[in-house]
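Novice: Quick one: structure below, then a few questions.
The values are calculated or read from the model by the stated rules, or taken from the named source; none is laboratory data. Here the structure is a predicted model, which means the values were calculated and not measured. Methodologically, a virtual Cβ is constructed for each residue, glycine included, from the backbone with ideal geometry; neighbour enumeration extends over all protein chains shown.
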């Protein structure tokens, strides 16, 4: 990550000025540690079994490429990359002593300052590797937290990232220098040994975690109030969900004509954004862009971002956006997304309200396109799109309207010429399918969502009639 510093400079006249100097990016080495399936299966009782089993299904080359992409998201200078397959785990350093020594020599020869290990390291393993290599070591969880810390823009996002980071850091105070273990003097009236520095740090972190948790509880309550307000309008909510960098924000911008930050970069979007979108027949929906998922997503982040992810849980329809330019990797990513959705409580009963958006069709080869189009024809919940070119977006909007209209009801209403306000209300809150005008007034054939029908019945009562009782 590049850094800026100020250098003091004195001119020949004695004037003092400051120059901003751009320091070179940190040189990083990315290491992916692959565990054989037999070893992974024996670890399922360790509490990380689900995440590790998910990792085992993915190609190590893809996992390494993803780790490099994560590192580049922090503007690191990649000095090298490597995949290591372990036959056994060494508790102290994860890697065997010979491999640790070999890597240490390579790191020093390339001037590496940071090693990213694309797996979860225990605090002890992280400390021991840093001592052996004399460089900073960051595991997968720490790397993702660093990215989230850089990208969060809203107060809510920053609170969520800080909470996740503190929960992560609390277990790693063992990595601190030895002065943290020295005791401070106790209070005379208390007696006994003083509080060690590491205990004090843990206490301060725990207090900060408690404050952040309380603040995020208020965020949850505020979001629920916003959802209640939207239900009164009401607009159906369509949530974009999917693996990071599958094109969700580009799709969001194309559909809403918004200017949400969209970049070919992992976790380009962290803070949720909502905009109104008009469907082909005039119905308005609220489209929500959410944070992308990733394999082995740190549990601290899932917990911290639960307030944000509730927008997905509460949505009327979920659009699962998938990058199908690499089919094998897309399947692995889909399993990761489904795992997180399951953790959020989105069960099989909700899956009929989910559409799969097979995105980035502009990158497909003719052979891939023919195969995926044939496969999509057999799956009613799939829409093929290119958020970049706009291909398939009209079809997507029509499918959304059809899904939302499944529960709609038709009514007929007669209006007098003087009832202009009532006419305007119906145009705002219903879809006018047919209208016939005469000297006596107008007759409208209307389509209502369940929520809007309840509001219309409260306003107009028996004036709303079933279509078959009085056809146009």
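Novice: Conditions: (1) part of a loop (DSSP other than H, G, I, E, B); (2) farther than 20 Å from residue 254 by Cβ. Residue 389 meets all but one. Number of the miss?
Specialist: Single failed check for residue 389: (2).
Novice: Looking at (1) more than 30 Å from residue 74 (Cα to Cα); (2) modelled with pLDDT under 70; (3) loosely packed, with under 15 Cβ neighbours inside 10 Å, which is the only condition residue 197 fails?
Specialist: Tallying (1) more than 30 Å from residue 74 (Cα to Cα); (2) modelled with pLDDT under 70; (3) loosely packed, with under 15 Cβ neighbours inside 10 Å, residue 197 fails exactly one: (3).
Novice: Is it the case that the stretch 253-262 has a residue that's modelled with pLDDT under 75, surrounded by fewer than 18 Cβ atoms within 10 Å (Cβ to Cβ), touching a helix residue (DSSP H, G or I) at 6+ places or on another chain (Cβ under 9 Å) and part of a helix (DSSP H, G or I)?
Specialist: Scanning the stretch 253-262, I find no residue that is modelled with pLDDT under 75, surrounded by fewer than 18 Cβ atoms within 10 Å (Cβ to Cβ), touching a helix residue (DSSP H, G or I) at 6+ places or on another chain (Cβ under 9 Å) and part of a helix (DSSP H, G or I), so the answer is no.
Novice: If you don't mind, another one. Return the residues of the stretch 402-435 that are in contact (Cβ under 8 Å) with a residue 40 or more places away in the chain, touching a strand residue (DSSP E or B) at 6+ places or on another chain (Cβ under 9 Å) and within 21 Å of residue 238 (Cα to Cα); say none if nothing qualifies.
Specialist: 403, 404, 405, 408, 409, 431
Novice: Suppose we filter 97, 91 for residues that are touching a helix residue (DSSP H, G or I) at 6+ places or on another chain (Cβ under 8 Å) and more than 13 Å from residue 31 (Cα to Cα); which single one remains?
Specialist: 91
Novice: Criterion first (under 22 Å from residue 291 (Cα atoms) and in contact with a helix residue (DSSP H, G or I) (Cβ under 6 Å, 6 or more places away or on another chain)) does residue 387 satisfy it?
Specialist: It is true that residue 387 is under 22 Å from residue 291 (Cα atoms) and in contact with a helix residue (DSSP H, G or I) (Cβ under 6 Å, 6 or more places away or on another chain).
Novice: For residue 459, all conditions in the list (1) touching a strand residue (DSSP E or B) at 6+ places or on another chain (Cβ under 9 Å); (2) free of Cβ contacts under 8 Å to residues at least 40 places away in the same chain hold save one; what is the number of the exception?
Specialist: Just one mismatch for residue 459, condition (1).
Novice: Please note which strands (runs of 3 or more DSSP E) are completely contained in the stretch 1-114 and include at least 3 residues that are surrounded by fewer than 17 Cβ atoms within 10 Å (Cβ to Cβ) and either on the phi < 0 side of the Ramachandran plot or at pLDDT below 85 (or both).
Specialist: 4-10, 16-22, 77-85
Novice: Output the residues belonging to the stretch 352-380 that are closer than 19 Å to residue 403 by Cβ, touching a strand residue (DSSP E or B) at 6+ places or on another chain (Cβ under 9 Å) and part of a helix (DSSP H, G or I).
Specialist: The answer is 353, 376.
Novice: So, one more: Scan the stretch 411-432 for residues that are over 16 Å from residue 461 (Cα atoms) and in a helix (DSSP H, G or I) and jot them down.
Specialist: 420, 421, 424, 427, 428
Novice: Which of the residues that make up the stretch 454-470 are modelled with pLDDT of 90 or more, in a helix (DSSP H, G or I) and over 12 Å from residue 425 (Cα atoms)?
Specialist: The answer is 457, 458, 461, 462, 463.
Novice: Another question about this same structure. Checking residue 430 against (1) out of contact with any helix residue (DSSP H, G or I) (no Cβ under 8 Å at 6 or more places or on another chain); (2) outside the structural domain of residue 251 (by TED's automatic domain parsing): exactly one of these is not met. Which one?
Specialist: (1)
Novice: For residues that are surrounded by fewer than 23 Cβ atoms within 10 Å (Cβ to Cβ) and part of a loop (DSSP other than H, G, I, E, B), scanning just the stretch 299-324, find the one that is modelled with the highest pLDDT.
Specialist: So, considering only residues that are surrounded by fewer than 23 Cβ atoms within 10 Å (Cβ to Cβ) and part of a loop (DSSP other than H, G, I, E, B), the one modelled with the highest pLDDT is 316.
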